[in-house]
Every structure is written in structure tokens, then in C-alpha cells.
Amino acid sequence: MFSKLGLKAALLSLLIFLIFIGTWSLATYHKEGPAVSAADAEYAAMMGKGAGKTGGFPPPGEVGTAFVTYLSDPFFDKGPNDKGIGIQLAHSLWRVGLGFFLAVIVAIPLGFAIGMSPLLFRALNPFIQILKPISPLAWMPLALYSLKDSDVSGIFVIFICSLWPMLINTAFGVAAVRRDWINVARTLEVKPLRKAFQVILPAAAPTILTGMRISMGIAWLVIVAAEMLVGGTGIGYFVWNEWNNLALPNVIFAVAMIGLVGMVLDQLFGSLQKLVTYRE
Amino acid sequence: MTQHFLSVEGLQKVYPAADGKQNPPVFDNIHFGIERGEFVCIIGHSGCGKTTILNVLAGLEEASSGVVIMDGREVKGPSLDRGVVFQSHALMPWMTVLGNVAFAAKSRWPEWSKARIDEHCTTYLEMVGLGHAIHKKPAELSGGMKQRVGIARAFAIEPKMLLLDEPFGALDALTRGTIQDELLKIVQATGQTVFMITHDVDEAILLADKVILMSNGPHAKIAEIVEITMPRNRTRAEMHHDPQFYRIRNHLVDFLVNRSKGYAGSDAAVLHDARHPPVVRPGLAPDEPPPSDSTRPILKQVVNQ
């Protein structure tokens, strides 16, 4: 199955990974020796006896142990501050999914309307241009104040950050549908709803899906930050919690999981995109 | 005035200039009629507004003034009564060949079952020689095959009239010839009324009953209407053996090369009666001048009195 180029690339990837692990091992090795740097000694004095437990930046072995422990039992639940990685990721995915879904419901019809109507486009454009560059986390205080629920606020932040790329891409895709196809629909006296679903939607689908893919990417970036703020559950909270525990191997493990899930989400939308892309 | 199947009266189109000033009209005072079952080609240089006239007939564009009446009703907006074949085939790439034609048929007969639609469309696709490719996507087809699908789509809605906007313009000569033959066969079999834009003089002679010659724009006019007097059962292979062929061809080429440019200031333009553009039959009268341009209007006046 593997082409020659593919095999070479895989070997090179493996080599890069091994060099990375090797460098990491070497860089963290000497920390296990008895000699402590001046800064470390000072830090230890400051932190009291507790600091003695942490041996600086964790070597690959410790992180590997964290991987094994967490992945062997991903769904345990031992109280609010001690849940399995599966449960934490499920919480994050649930928030992202719900916020993203709500954004789809708003952005696609609204984007359709904006794309079809030059008047609406001009009228709404200033609002979109101002609202789009606002960091979604800047909405957090307003969301917390008006929604009065940290979980709902998290979902709102995902909603607001997913909205813009989808809205803009939908509007752009709908506005850019080939004139010829619209003219065909016109000469066939196609009813507006049928035209929307059978001509404009399939014609604009690749652009819309690109917007959704960008939105999902941003949503996954934002959820970690949002959960660090609102706390309680989720992968972002897990990272923050393990940092407070000074359990760096767990933090590294969580960071790797965030990357992995983000990649899977992106590939999911990538294959959806392939599904609706047409060749002319 | 006799009632034509389609009559175009006093058509004019002015496009607004970029700086807000008025442009001169692309064409003005265009009058012509098409009878039921007639095949009419329109020839003229780029910029004389051929495509605009076709779009007005299709209802896709509005004329600045003038009316188009088809079958006793004014043309206002697009309608299933007029099938259009676009220059760029305009197939929807996400649908199969059959899907494209079925989309049109479903618009015409929404109450038909899927099986009936598919059967109906397959008949038309077989007519253009694409029976084997109905489940392919347009991207898998050659340019000529795509244009055939466009033709099948326009025929499948069984319109009262067919409008073709330079349908073979983008095809190579060989493919073009084959599809011309097919179109000729279908039109002869169905008695379809057709209005077609072309740049190809031979194509016009092969297909048309009448050729409308447009002078150059702006202020483009119908300089004359050439009747193709060769027998209707002509074929591409035999056509050039007919002595009429070269007379007609020379007349058309002469117009395009020499007369269309200088038309605006010529005697013909001064004597021009936009409502009754001169009708010429170069195929029948090789050595005499074509039936005098002035006879028709004068005759008309006598009759009217």
C-alpha cells in the first residue's frame, strides 16, 4: 500500500520523533542528579518541603507513565477534581459541539440571506467587521453576567467564535455561485426553496464547509482557554488543575491529547469537505 | 401586420456608463418576427448586442424599450416555454448527466414520478447520442458531450421555442460538425422553433431558414434578413454541391467583412426601414441585384391605402 515516497516520509517522521525524544531525555537527565542550581534551591526554599517532590521538567519516561495511567482507565470519576481524560474530553467536545451547532443554525441561514441580498450585505457588513476581530474570551465577563451560568457561558463563547468564519464563508460562497447556474434555474422557473437547496447550496457547499472547518479549528483552540476560566470540567480545566498540582507530566499528556483530538476534528471536516467538493 | 409566432418590436438596449453618463444604445429599433417551426440564426460582429437580444428573448435581461411577444403573450421574465442552451453549457457539476436533465424535466412536470422523469430524460439523452453516459458526472465528459447534455436539457422540457447562444463556439471543428448534424436531425424531426446566435457562416447556412444580419454597434440595426432558399433537407456533406450555397455564403461573408462596418453612413442605412428590414434571397438571384430594398415598403403603403 505504501508508496516509496510515503515509506520514506514515515521513516523520516519516526527519526525526527526519536531525535526529539532523545534530546528531551538528555536535556532533562542531569536534573535528577543531587546538584541543584541556585534558582532551584531558592525556589525550593520558597515553596517549602512540597517543592522537593518535583524534579524540574519531567523526562519522557515520566510523561510516558502519565500516558499509560490515564489511557488505561480513561473514564474513572473520583470526585470533582479527579476525573479520567475521557470524561474531561467528552465535556469539552460536548461544549464545542453544542456551541458549534448553534452557530451553524444561525450562520448558514443568515449567510445565505447576506449572500443573496446585496442590501443586507452592505447593511450588516460594518457590524460583522467590528465583531469579527473581538477575541471570544473578551465576551466572557458579559456572558457570565448575563447568562449567570459558567457552563452556558462556555458554550456561548464557542458559539460566538464559530459564528464569523461560517457566516462570512457562507455569504461569500452564496454570492459567488456561477451566474450560469442561476440563469439555468431562472429559465426553468425553479421555485425559490428548490433553487436554494438544489442549486445554491450544493454550489456553495465547498466554501461553506471550508468556513465550518476553520470555525471548528478556532472553537477547539478557544475551548481550552474558556475552560481554564470557567473551571469545573473539561480538558482546559484539567490542564489548569494539573498545573496547580504542579503535575507537569499530566499537563504534557493533556497537551498531546488536545492536539490529537484537534487533528481528528479537522480531518473529519476535511473528509466532509471532500464529500461536497465537485470537479468542474 | 401579420401575426408572427414571435415578434420583436422596437427593441433597444442602453447600458449605463460607469461614470453615470448615458452610453449610446447598443442597438435600437430592432424589429423582426419568427414563425412557428422556423430556424433563425443571427450573425453580427461582437458588440452588436446579439447575446443581449437572446437574453431579452429568454427573459433573463430587460430591454430598455420595446416588447417581445411570443404566442400572443408578452415576454416578461424567464419561462419554461423557452429553453436556453448556454454557450458555456452551464451544467451543474454536482449532478450526473441524467440528474441535470431530470432537474429541468422535474421543473416542467413536478407531478411526474421519478421513474417517468428518468425515462423521459433518457429518451432525450439517447437522442443526442449520450445513452451510454447518463450516470457520469459532467467533469468526466468532453466539451462536445457537455454541450450535447445542454441541448438535451433544453429539448427535454419541450419548450415552444429554443434559444441557443453560440452553442458550438467552444468546440473543435470536427465535434462541431457532428453536433450540428445531430441538431439538424432533431430540429427537422420535432419541428422546433429555434433562435440561434452564431459566428459561423457555414453553420448558419446549414441550419437556418433565415439569417438575420446585424450591423456593428453601437446603434446596431438589422441590416438585412437573408432567406436561405436551399431545400430544407440539406446535409453538411451535400450542401456545398448546391450552386446556391456559394452565392449565399459569399453574400454573408461579404456583409461581415465589408458592409457591416460601413453600414452606419451608407445609402442602405439612409433608406433603412427598421420595421421592415430588406429581405434578400442571394441564393435565387445570382446576377440581378436582390429584390429591391424599396419595393416592400412601397408595396406596403399601397396596400395600406
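Here are a few things to note about the model shown:
- Once the range B:76-90 is narrowed to residues that are assigned to a loop (DSSP other than H, G, I, E, B) and within 7 Å of chain A (Cβ to nearest Cβ), the residue that is modelled with the lowest pLDDT is B:S88.
- Checking each residue in the range B:128-149 for being touching a Ser or Thr at 6+ places or on another chain (Cβ under 7 Å), within 11 Å of another protein chain (Cβ to nearest Cβ) and assigned to a helix (DSSP H, G or I) picks out no residue at all.
- Filtering B:E158, B:E203 for residues that are at pLDDT 90 or above and over 25 Å from A:T187 (Cα atoms) leaves a single hit, B:E203.
- The range B:60-75, subset part of a strand (DSSP E or B) and without any contact (Cβ under 8 Å) to a residue 40 or more places away in the chain, residue nearest to the other protein chains (Cβ to nearest Cβ): B:R73
- Counted residues, the range B:4-25 - those being within 21 Å of B:S260 (Cα to Cα) and crowded, with 22+ Cβ neighbours inside 10 Å: 2
- Sub-6 Å Cβ pairs linking a first residue in the range A:251-280 that is within 14 Å of another protein chain (Cβ to nearest Cβ) and of a type in the set (A, V, I, L, M, F, W, C) to a second residue that is part of a helix (DSSP H, G or I) and surrounded by 12 or more Cβ atoms within 10 Å (Cβ to Cβ), at least 6 apart or interchain, are A:V276/A:A205; A:V276/A:P206; A:V276/A:L209, ordered by first then second residue.
- Taken over the range B:103-124, residues that are within 11 Å of chain A (Cβ to nearest Cβ) and outside any loop (DSSP other than H, G, I, E, B) amount to 6.
- Residue list for the range B:150-188, restricted to those being more than 12 Å from chain A (Cβ to nearest Cβ), touching a residue at least 60 places away in the same chain (Cβ under 8 Å) and among the hydrophobic types (A, V, I, L, M, F, W, C): B:I151, B:F155, B:L164, B:A170, B:V187
- Pairs are defined by a Cβ separation below 7 Å, a sequence spacing of at least 6 or placement on different chains, a first member in the range A:134-149 that is among the basic types (K, R), and a second member that is exposed (fewer than 14 other Cβ atoms within 10 Å of the Cβ); no pair meets this definition.
- Any helices (runs of 4 or more DSSP H) falling wholly within the range A:178-280 and containing at least 2 residues that are farther than 30 Å from B:R153 by Cβ and at pLDDT 95 or above: A:201-230, A:248-276
- Counted residues, the range B:31-51 - those being away from chain A (no Cβ under 14 Å) and assigned to a helix (DSSP H, G or I): 1
- Selection status of A:W220, crowded, with 20+ Cβ neighbours inside 10 Å and either of a type in the set (V, I, T) or more than 30 Å from A:P118 (Cβ to Cβ) (or both): yes
- Enumeration of residues in the range B:97-146 that are touching a residue at least 24 places away in the same chain (Cβ under 8 Å), within 22 Å of A:K191 (Cβ to Cβ) and over 25 Å from the mean Cα position of the chain (by Cα): B:L98, B:H120
- Selected residue (only one of A:T233, A:T207, A:T187 is surrounded by 18 or more Cβ atoms within 10 Å (Cβ to Cβ), away from every other protein chain (no Cβ under 12 Å), within 30 Å of B:A105 (Cβ to Cβ) and not aliphatic (A, V, I, L, M)): A:T207
- In the range B:181-196, of all residues being outside any loop (DSSP other than H, G, I, E, B) and surrounded by 20 or more Cβ atoms within 10 Å (Cβ to Cβ), the one that is farthest from the chain's Cα centre (by Cα) corresponds to B:L183.
- Selected residue (only one of B:G49, B:G83 is farther than 29 Å from B:E126 by Cα and touching a residue at least 40 places away in the same chain (Cβ under 8 Å)): B:G49
- Taking the range A:147-184 as the range and being over 23 Å from A:D266 (Cβ atoms), crowded, with 22+ Cβ neighbours inside 10 Å and within 14 Å of chain B (Cβ to nearest Cβ) as the test, only A:V184 passes.
- In the range A:241-250, the residue that is farthest from the other protein chains (Cβ to nearest Cβ) out of those that are among the hydrophobic types (A, V, I, L, M, F, W, C) and surrounded by fewer than 17 Cβ atoms within 10 Å (Cβ to Cβ) is A:L246.
- Unmet criterion (only one of (1) in contact with a helix residue (DSSP H, G or I) (Cβ under 9 Å, 6 or more places away or on another chain); (2) loosely packed, with under 15 Cβ neighbours inside 10 Å; (3) part of a helix (DSSP H, G or I)) for A:I134: (3)
The values are calculated or read from the model by the stated rules, or taken from the named source; none is laboratory data. What you are looking at is a predicted structure, and each value in this text was computed from that prediction instead of being measured. Cβ atoms come from the backbone with ideal geometry, glycine included; neighbour counts cover every protein chain shown.
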